[in-house]
Each structure stands twice: as structure tokens, then as C-alpha cells.
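What follows is a short report on a single structure.
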Amino acid sequence: GAGVSQSPRYKVAKRGQDVALRCDPISGHVSLFWYQQALGQGPEFLTYFQNEAQLDKSGLPSDRFFAERPEGSVSTLKIQRTQQEDSAVYLCASSLAQGGLMNTEAFFGQGTRLTVV
Amino acid sequence: AQKITQTQPGMFVQEKEAVTLDCTYDTSDQSYGLFWYKQPSSGEMIFLIYQGSYDEQNATEGRYSLNFQKARKSANLVISASQLGDSAMYFCAMREGKNSGGSNYKLTFGKGTLLTVNP
């Protein structure tokens, strides 16, 4: 597809369950970002990949959150032992250039809405 | 302190009129970039317009323009000739330069403004 694709679009998890969220970036995009968007808030940065290297994971809220991009394309955000406060929309974004360029436009997917019950 | 402040939780505008969405920012960097994104109910963040801190001209993209007042640290989005399809959440975001001591790739977002265009 032409844009960033995320799956699933919606996920309901029981508290304590593990979940995996997938992101297919635009082909050839070097940079990949994950953001978390709580209800009524703006997105907040979770982690950044340049190709397969995870250069920044400072936004991951706890060690239950893990992200990978093993071949420098598809990325997976995994949340272990989900808790109610993990309920949010998880947005993936990709950009063509390395992240250091100031005007680098990031293209976002439609997000995965995670609800933990 | 909030790095991006959007003081208008909601705004209403009549179709075909212009509307200004406010955004103020806080940074000590000299080099930074300001972005506006639109988020319709489908959830996708759509890039609208970019303004660099060293750009002397206000950015324009079609019906969108950015009223950049550097001394006031404001970057308001102006939408001219509003259309019903403009109804959405609008987010202001900033990317700071390397001198901030932090990353210069991640975007920091405001809380957004919900724009409703009335027919």
C-alpha cells in the first residue's frame, strides 16, 4: 500500500494479557516512530528506529513495553501483562530521511486502538 | 512546563469563513521546526504545514497558512474558506534542534483543538 499500515485497528485485551501491534511503514522509509495517544490528548513519543537500530526508547513507559524492527522495515510493539492504563491509541509513523533533518515530514498510520478490560 | 500549548479545546466556524487555531511553544533552541497535523475521526494524523525557525516567510500550503511570530513563540494555523471536511482535531507539534540536549527527531505534540465546521 501507499501509506503506513497498522494492524489490528482495534484490540481488546484482558488485563494481564500480552499484545503485539504491527506497523508496516512506507517502503524505503528509514525512520520509524511509535507514539501513544491517550483519550483527549496529543500523541506522546515512545520509541524511534533508524533502519533496524532502536536509537531511542526513552518514551517507553515501563519494561513491559518492547519494540523491534529486526529487518529495518516492519515493526512490532509488544506490551506484556497489559494494564488498564495501557488503553490508548498506538500510532506508528515513518519518514524517508534519517530523523535528524528538521523538516522531515512523518507519515502516520491510522493507529491501533487498544482497550484493556 | 508544556512545550506546546493549544489553549482552545474546541472551535466552531461557519463554512466558507476563515478560522485561526492557536499554538504557543516553549524551547531554548535556536533551531526548531513547527508542524500542524489534522486528525479526522478515522484516526490518521495528516501533515498540513511546516515552519522552520529560520524561515523568514510564513509558510503557506493551499488554504492553510501559518502565522509565525517568533518573538512571541506562537505558530497559529489559519484555515481560509473552511469546508465541512475540515472538521477534525488539529495538533500543533515541535521538533527541537540538537542543542536541546535531547533528540532532534521526535515530535512533541500539544493537546489539540477540535474544529467543527457548521454548514
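The values are calculated or read from the model by the stated rules, or taken from the named source; none is laboratory data. All values reported here derive from a predicted model rather than from experimental measurement. Heads up, the Cβs are rebuilt from the backbone with ideal geometry, glycines too, and the neighbour counts pull from every protein chain shown.
B:TYR50 passes every criterion in (1) more than 10 Å from every other protein chain (Cβ to nearest Cβ); (2) farther than 27 Å from B:PRO119 by Cα; (3) of a type outside the set (S, T, N, Q) apart from (1). Only residues that are surrounded by fewer than 16 Cβ atoms within 10 Å (Cβ to Cβ), small (Gly, Ala, Ser) and either touching a Leu at 6+ places or on another chain (Cβ under 6 Å) or facing another protein chain (nearest Cβ under 10 Å) (or both) were counted in region B:17-46, giving 1. Within the span defined as region A:31-45, every residue fails to be more than 14 Å from every other protein chain (Cβ to nearest Cβ) and in a loop (DSSP other than H, G, I, E, B).
Which members of region B:38-52 meet the condition of being small (Gly, Ala, Ser) and either within 22 Å of B:LYS3 (Cα to Cα) or part of a strand (DSSP E or B) (or both)? Lay out the reasoning, then the answer.
The initial filter retains those residues of region B:38-52 that are small (Gly, Ala, Ser), namely B:41-43, B:52.
Across region B:38-52, the qualifying residue is only B:GLY52.
Among the listed residues B:PHE68, B:PHE35, which satisfies the condition of being in a strand (DSSP E or B) and without any contact (Cβ under 8 Å) to a residue 40 or more places away in the chain? Going through B:PHE68, B:PHE35 in turn, just one is in a strand (DSSP E or B) and without any contact (Cβ under 8 Å) to a residue 40 or more places away in the chain: B:PHE68.
In region B:105-119, of all residues being over 12 Å from the mean Cα position of the chain (by Cα) and of a type in the set (Ser, Thr, Tyr), the one that is surrounded by the fewest Cβ atoms within 10 Å (Cβ to Cβ) corresponds to B:THR116.
Scanning region B:77-96 for residues that are out of contact with any Leu (no Cβ under 8 Å at 6 or more places or on another chain), among the hydrophobic types (A, V, I, L, M, F, W, C) and under 15 Å from B:THR60 (Cα atoms) turns up just one, B:ALA81. When A:LEU60, A:LEU101, A:LEU77, A:LEU55 are checked against the criterion of being modelled with pLDDT of 95 or more and either in a loop (DSSP other than H, G, I, E, B) or within 14 Å of chain B (Cβ to nearest Cβ) (or both), a single residue qualifies: A:LEU60. Can you work out which of the residues in region A:13-58 that are under 23 Å from B:PHE91 (Cα atoms), in contact (Cβ under 8 Å) with a residue 24 or more places away in the chain and among the small types (Gly, Ala, Ser) is surrounded by the most Cβ atoms within 10 Å (Cβ to Cβ)? Among them, the one singled out is A:SER31.
Confirm whether A:GLY3 is loosely packed, with under 15 Cβ neighbours inside 10 Å and either over 25 Å from B:GLN2 (Cα atoms) or in contact (Cβ under 8 Å) with a residue 12 or more places away in the chain (or both).
yes
Take region B:53-65 and flag every residue that is more than 11 Å from chain A (Cβ to nearest Cβ) and in a loop (DSSP other than H, G, I, E, B). The answer is B:GLU56, B:GLN57, B:ASN58, B:GLY62, B:ARG63. Taking (1) closer than 30 Å to A:ALA2 by Cβ; (2) touching a residue at least 12 places away in the same chain (Cβ under 8 Å) in turn, B:THR60 satisfies each apart from (2).
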